[in-house]
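Down below is the structure, laid out as structure tokens.
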Amino acid sequence: MSSYKINAIVLGGTNVKEKDRLLRVFSLEQGKLTLSLKGVRQEKSKLKIAKEIFCFGQFICEKGREIDIVTGFDVIDNFSGLTKDIEKYYEGCAILDLLNAVASGANPPLFIEVISALKTLCYENLPKYYIIDKFLLSLIDALGYNFLTEYCSSCQARLTKRYLNLDIGEIVCPSCRNQNCVAISEACYSAMKLLSSSSYEKLSTIKLGGDGEKEAYNILSKDFYYRTGHQVLSII
Ligand SMILES: [Zn+2]
């Protein structure tokens, strides 16, 4: 039987049969996969650690008839801090849920981004919304929309006040807005700009004011829903 190794993060899973679990993972090498963990719900199973959400490591798998079977696992980080803090846990779950919604095949930049996001969430004590806002901005940017433009997408006028046009996912000026537009405050715009331009490692140096990050979360979630039909998990 042929076996292979992948680096992957656990997105979730479903218990099957008496002691097995089907695992949903996102891997660096092959993108999103379902793997089978045999006998993993027994106390003495060596693969026990691999069954939990957020667990990141190297999986050794064997080709199965329909679903490949995990035969070995080396943990790199299970981000256990995320399960000990309810706010971090919700934000982490929302990030993995977004990843699950957008991921399909191999996407190394997305893989690296999600690991950086979870690492920062787990080990730094950043204000709520910073990390999920940055992650959402990156996903929306990858979908081809430019939130951080200085010009109205309709008339090209320089923007002094901004509105998100939910119909088209673009930023427009006061004269071009319609009834399906949401205002973006100055605090929100500057929060989005700062979060987007800083690396995850540098997020701790950012200080935002005026609840811009909270407004950004609401606007970005709404936009993501309009663009993809996927409702972002609430972290409130
Ligand atoms: Zn305009």
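Here, each number is a calculation from the coordinates, and none is a lab measurement. Bear in mind that the values here come from a model prediction, so they are computed numbers and not experimental data. Methodologically, a virtual Cβ is constructed for each residue, glycine included, from the backbone with ideal geometry; neighbour enumeration extends over all protein chains shown.
Check GLY12: other-chain or 5+ apart residues with amide H under 5 Å from its amide H, H built from backbone geometry?
The answer is ARG24.
Among GLU18, GLU124, GLU29, whose mean-square fluctuation peaks in a Gaussian network model of the chain (Cα, cutoff 10 Å)?
Comparing GLU18, GLU124, GLU29 in the GNM, the peak value goes to GLU18.
Between helix 130-142 and the chain, what is the angle of the helix's C-alpha long axis to the longest principal axis, kept within 0 to 90° and rounded to the nearest 10?
So the inclination is approximately 80 degrees.
Let's test the formula: R0 of 45 Å, r as the Cβ-Cβ distance of LYS207 and LYS5. What FRET efficiency results, to the nearest 0.05?
So the FRET efficiency works out to roughly 0.60.
Counting Lys and Arg as +1 and Asp and Glu as -1, each charge on the Cβ, what is the dipole of the chain about the Cα centre in debye, to the nearest 20?
With only Lys, Arg, Asp and Glu charged at Cβ, the dipole is about 480 debye.
What FRET efficiency, computed as 1/(1 + (r/R0)^6) with R0 = 22 Å and r the Cβ-Cβ distance, is obtained for GLU87 and ILE49, rounded to the nearest 0.05? Write down the numbers at each step before the final one.
Details: r = 24 Å, r/R0 = 1.09.
Using R0 = 22 Å, I get an efficiency of 0.40.
From Cα pairs below 8 angstrom and at least 6 apart in sequence, can you work out the relative contact order of the chain, rounded to a whole percent?
15
Which residues does a label at GLN58 reach in the range 75-99, if reach means a backbone N under 12 Å from a point 7 Å past the Cα toward the Cβ?
Taking a point 7 Å out along Cα→Cβ of GLN58, the residues of the range 75-99 whose backbone N falls under 12 Å are 75-76.
Tally Lys and Arg at +1 and Asp and Glu at -1 over the other residues with C-beta under 11 Å from the C-beta of LEU233: what net charge comes out?
Here the count lands on -2.
Taking the Cα-to-Cβ direction at GLU29 and at THR149 and moving 7 Å from each Cα, how far apart do the two end points lie in nm?
4.1
Excluding residues fewer than 8 places away in the same chain, name every one of the lysines whose C-alpha is closer than 19 Å to that of LYS128.
LYS84, LYS88, LYS119, LYS193, LYS202, LYS207, LYS214, LYS222
Using a 7 Å offset from the Cα along the Cα-to-Cβ direction at both ASP167 and SER197, what is the distance between the two label points in nm, to one decimal?
For the pair ASP167/SER197, the computed spacing is 3.2 nm.
Are there chymotrypsin sites (Phe, Trp or Tyr not before Pro) in the range 60-89 that DSSP marks as loop and that have at most 14 other Cβ atoms within 10 Å, and which are they?
Counting only loop positions with at most 14 other Cβ atoms within 10 Å, none of the chymotrypsin sites (Phe, Trp or Tyr not before Pro) in the range 60-89 qualifies.
Counting other Cβ atoms within 10 Å of each Cβ, which GluC sites (Glu not before Pro) in the range 34-114 have at most 13 and sit in a DSSP loop?
Qualifying residues, ordered by number: GLU43, GLU66.
Per-residue ellipticity at 222 nm for the chain, helices alone: DSSP H runs ≥ 4 residues times -39500 (n - 2.57), over residue total, nearest 500 deg cm²/dmol?
The per-residue figure over the chain is -10500 deg cm²/dmol.
How far is it, in nm, from the label point at ALA106 to the one at ALA157 when both lie 7 Å from their Cα along the line to the Cβ?
The modelled label-to-label distance comes out at 4.9 nm.
Using Cα-only point scatterers and the Debye equation, what is log10 of I(q)/I(0) for the chain at each q in 0.10, 0.13, 0.18 Å⁻¹, rounded to two decimals?
Log10 I(q)/I(0), no solvent term: -0.53, -0.80, -1.27.
Return the sequence-ordered ³J(HN,Hα) values of the range 154-166 in whole Hz as given by the Karplus equation 6.51 cos²θ - 1.76 cosθ + 1.60 applied to θ = phi - 60°, using x for Gly and Pro.
Once θ is set to phi - 60°, the couplings for the range 154-166 become 8, 10, 6, 5, 5, 7, 10, 10, 10, 9, 8, 8, 5 Hz.
Pick out, in residue order, every one of the trypsin sites (Lys or Arg not before Pro) in the range 54-104 that is DSSP loop and has at most 10 other C-beta atoms within 10 Å; say none if there are none.
Taking the range 54-104 and a limit of 10 other Cβ atoms within 10 Å, the loop trypsin sites (Lys or Arg not before Pro) found are ARG65, LYS84.
Along the charge dipole of the range 1-139, which of PRO127, GLN30, CYS61 sits closest to the positive end, that is, farthest toward it, with unit charges on the beta carbon of Lys, Arg, Asp and Glu (+1, +1, -1, -1)?
CYS61
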